[in-house]
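Read-outs: derived from the displayed coordinates by stated rules, not from any lab. As the structure is a prediction and not an experimental result, all values here were calculated from the model. Positions of Cβ are backbone-derived with ideal geometry, glycine not excepted, and every protein chain shown enters the neighbour counts.
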Amino acid sequence: MDDETEQSGGGPFYLGFDLSTQSVKAVVTNDALQVVQEVSVKFDQDLPEFGTSGGANRDPTNSKVVTAQPIMWVKAMGLVLEKLRLLEPPLLDQIVGISGAGQQHGSVFWKRGGLETLRNLDPDKFLHDQLAFAFAIQNSPIWMDSSTSEYCDMLEKAVGGAEVLAKLTGSRAYERFTGSQISKIFHTKREAYNATERISLVSSFIASIFLGSYAAIDYSDASGMNLLDIREKTWSPICLAGVVPEEGEGANLAEKLGPPTPTEAVLGTISPYFVERYGFSSDCKVVAFTGDNPSSFAEMCLGANDIAVSLGTSDTLFLSMPSLPQHGFGEGHIFVNPIASKDHYMALLCFKNGSLTRERIRRDYANGSWSIFNELLDSTPRGNFGNVGFYYDLWEIIPKIKNGDHKFNKEGSKLTKFTSNEVEVRALIEGQFLSRRLHAEKIGCKITKETKILATGGGSANPKILQILSDVFNAPVYVQGDSNSADLGACYRVKHALYGEGRPFDQFIQSVQAYQKVWDPNKDAKEIYDKMLQRFAILEQTILNL
Ligand code: XUL
């Protein structure tokens with residue numbers, strides 16, 4: 001593409017979807033990848049007939065069971081497309097490619113005959129009327145479900161232990177991962193399993209509808225299933241058999257999953273349903289959909305040394321990994337990198353105790369006020385006089401630690417409380433970021449002179465917190481004004497897939513990065529926090545041994 005076209009504010013246009021936990025969002029970008037149209041549908045609010053809370057249905061008899069109805073997602077998609085169709089100026093006929101993101105790990109079980117239905121959608125009828133009977137399971141398990149512990153154990157045993165599974169698939173067995181969810185369906189709803197023609201992830205499910213045929217699961221989202229051999233990028237026979245043991249090497253499961261595909265693959269052109277009903281061009285391409293985290297990763301264009309830190313309900317870190325870690329995988333997840341085609345990976349670390357814990361400490365020690373909280377942070381020195389704190393409101397995932405607070409002074413003696421509110425507040429923030437750095441380094445993250453930290457999520461609005469993040473990691477921190485990263489990432493991926501001509505994703509997309517540097521680390525930060533990190537690691541170990 002010549003420079004003039006790259007700078008263009010006009011077409012061609014790209015459409016990016018994000019089917020997240022609570023809503024479906026769509027953005028249209030111009031060729032300069034600026035958002036020109038944006039619509040959304042919220043499940044709780046706009047589709048109350050499905051009775052969701054936060055986009056999910058919780059089983060009243062078992063709080064670990066959390067599902068959502070795929071037909072609700074279909075209805076929401078129809079509404080989003082209707083909203084897009086009515087916008088001025090109409091752009092759907094100028095969209096050259098569509099991709100999208102889905103909440104990770106959730107699964108959709110298409111009933112036998114589903115493919116036929118997808119191929120023959122009638123443009124005069126609503127999608128949700130035509131797909132109402134297309135699913136073998138009406139309530140799809142989603143990532144919030146944690147009811148599959150016994151199937152996780154079964155899978156780990158079948159492959160020879162947690163570490164073997166992690167080496168093979170990038171993660172130990174996790175309840176929300178799709179492998180153990182499929183195993184649960186196989187063991188408890190055999191009829192529905194047998195009636196299933198195809199199993200999609202949430203991402204490949206939406207892609208299938210746009211394609212009018214079953215869409216392949218992309219490598220990156222497939223890495224959140226405990227089923228993909230992340231080196232070979234094929235389904236692992238031993239894992240398939242660990243999930244569906246009576247199916248002899250799990251062959252039938254491989255068929256139900258279909259072969260996985262590179263994330264940058266162009267899967268085909270849009271189904272005639274969308275051409276006739278909404279006015280899309282019949283040349284519009286469908287690029288593989290992926291998970292919401294991989295798609296946000298694409299939007300951030302993370303370089304080899306960069307770290308994305310999302311400070312939300314849970315704190316999530318993404319890293320780009322040029323190679324797999326040599327020694328163990330610990331508590332993180334390794335996904336096939338969605339934007340680098342060869343042997344590159346992306347790591348994801350999910351810490352359960354993020355902003356809710358920050359809010360608790362703000363309430364207990366800062367009168368519920370962020371400005372008091374920040375004043376307290378300002379009145380304590382980096383390193384907090386050697387005091388170190390661990391604060392967990394919920395069972396933590398990384399590392400697996402029971403809820404509770406643990407406080408230590410300079411000498412390493414355990415305290416029930418620190419001497420002042422100031423020390424308490426700084427101990428929380430320093431402790432959280434030391435933990436993020438410790439576990440990132442454990443899975444092979446290298447902080448170098450080139451490292452940039454890209455901060456997102458609600459917590460990234462607090463500049464004082466970001467300064468400590470910068471100091472603890474000894475790296476500059478960048479932020480971006482806008483936060484619709486997964487759907488925007490989908491538009492970037494479409495443009496790269498259609499016009500990248502083999503150029504590396506980050507170089508091709510670089511021009512649109514809107515991240516601004518907000519902090520550099522203080523000069524003394526490295527010395528202080530390198531030492532503190534060593535003490536933190538030892539203290540964390542003592543808590544784990546309690
Ligand atoms: C990641 C995870 C969530 C979902 C929902 O492993 O479970 O972030 O992708 O957004």
Nearest-20 debye value, the chain charge dipole, Cβ charges on Lys, Arg, Asp, Glu:
1440 debye
Over the range 403-532, what is the percentage of antiparallel beta bridges among all DSSP beta bridges, to the nearest 5?
60 percent
Can you give me the angle between helix 525-544 and the longest principal axis of the chain, using Cα atoms only, in degrees from 0 to 90, rounded to the nearest 10?
80 degrees
Rg followed by Dmax, in Å, when the range 3-288 is reduced to its Cα trace:
19.1, 60
Relative to the longest principal axis of the C-alpha atoms of the chain, give the angle of the C-alpha long axis of helix 202-211, reported between 0 and 90° and rounded to the nearest 10°.
30 degrees
I need to check one value: relative contact order of the chain, counting alpha carbon pairs closer than 8 Å and at least 6 residues apart, in percent.
14 percent
Among GLY113, MET154, ILE137, whose Cα sits farthest toward the positive end of the charge dipole of the range 3-288 (+1 at Cβ of Lys/Arg, -1 at Cβ of Asp/Glu, about the Cα centre)?
MET154
What does the extension gain come out to for GLU255 and GLN507, with contour length at 0.36 nm per residue minus their alpha carbon separation?
87.0 nm
Rounding to the nearest 20 debye, state how big the charge dipole of the range 349-454 is about its Cα centre with +1 on each Lys and Arg Cβ and -1 on each Asp and Glu Cβ.
400 debye
Counting only helical runs of four or more DSSP H residues, what would the 222 nm mean residue ellipticity of the chain come to if each run contributes -39,500 (n - 2.57) and the total is spread over all its residues?
-11000 deg cm²/dmol
For GLU331, GLU255, GLU232, GLU38, what ranking results if the residue with the fewest other Cβ atoms within 10 Å of its Cβ goes first?
GLU232, GLU255, GLU38, GLU331
Greater than 23 Å separation of Cα atoms is the criterion. Which listed pairs, LYS442/LYS523; LYS352/LYS442; LYS407/LYS446; LYS233/LYS256, meet it?
LYS442/LYS523; LYS407/LYS446
By per-residue mean of other Cβ atoms within 10 Å, what is the highest-first order of 290-299, 207-216?
290-299, 207-216
Where does helix 149-159 land angle-wise versus the long Cα axis of the chain, in degrees 0 to 90, nearest 10?
80 degrees
Which order do GLU422, GLU264, GLU359 fall in if you start with the one that has the fewest other Cβ atoms within 10 Å?
GLU359, GLU422, GLU264
Rounded Å value of the spacing that divides the Cα centres of the range 272-289 and the range 55-133:
15 Å
Residue exposure sequence - THR29, THR117 - by fewest surrounding Cβ within 10 Å
THR117, THR29
May I ask you to derive the relative contact order of the range 5-74, considering only C-alpha pairs under 8 Å and at least 6 residues apart, and to give it as an integer percent?
23 percent
